[in-house]
Amino acid sequence: YPVQVYHPNVSTELSFYTFLHFIYAVIQFSAVLKDSRNYSVLSLLLYSIILLFTLTTFGAIFDQKKYALNLERIRLISMLILPQFTAMKSLFLFQSHLIIQIFIILSFLATFFITPIAPAEKDVSIKNK
């Protein structure tokens, strides 16, 4: 009967990494939302799909899916490639900055070195005698 609490066993590094990318996604989305009248419906639809893919990837990371880091690599590569297309360039306002591009490339490299699962925690629960 004990209620199962959702507590993903994710490493601190991966939690911090995901948090930084989530904050970046929220800032990017806010900037696009602010100027949404300047974009076509198709552009906003494509951006919404990209945002949903980003959130799905973060969920897969926290659920420790086998394919999660591969999804993250695909997401990061797409963040570098998509702004190169004229139709999408204005949606990715920040990706044109060199600092952001370096951040994305370093994040891509980090996916090869981040430990996805935290070390096992000690069981500190009180046991009935």
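We did not get these values from a lab; they are worked out from the coordinates using the rules stated. Computed from a predicted model, the values in this text were never measured in an experiment. Glycine also receives a Cβ, built like all others from the backbone with ideal geometry; neighbour counts cover every protein chain displayed.
Just a few scattered comments:
- Descending by average beta-carbon neighbour count within 10 Å, the peptides 34-45, 99-110 line up as 99-110, 34-45, the highest first.
- Nearest-0.05 FRET efficiency for residue 3 and residue 45, computed from C-beta distance (R0 30 Å): 0.15
- Inter-probe distance in nm under a simple model that places probes 7 Å from Cα toward Cβ, at residue 30 and residue 99: 1.6 nm
- Cα gyration tensor, region 12-110 - rounded (a/c under 1.5), prolate or oblate: prolate
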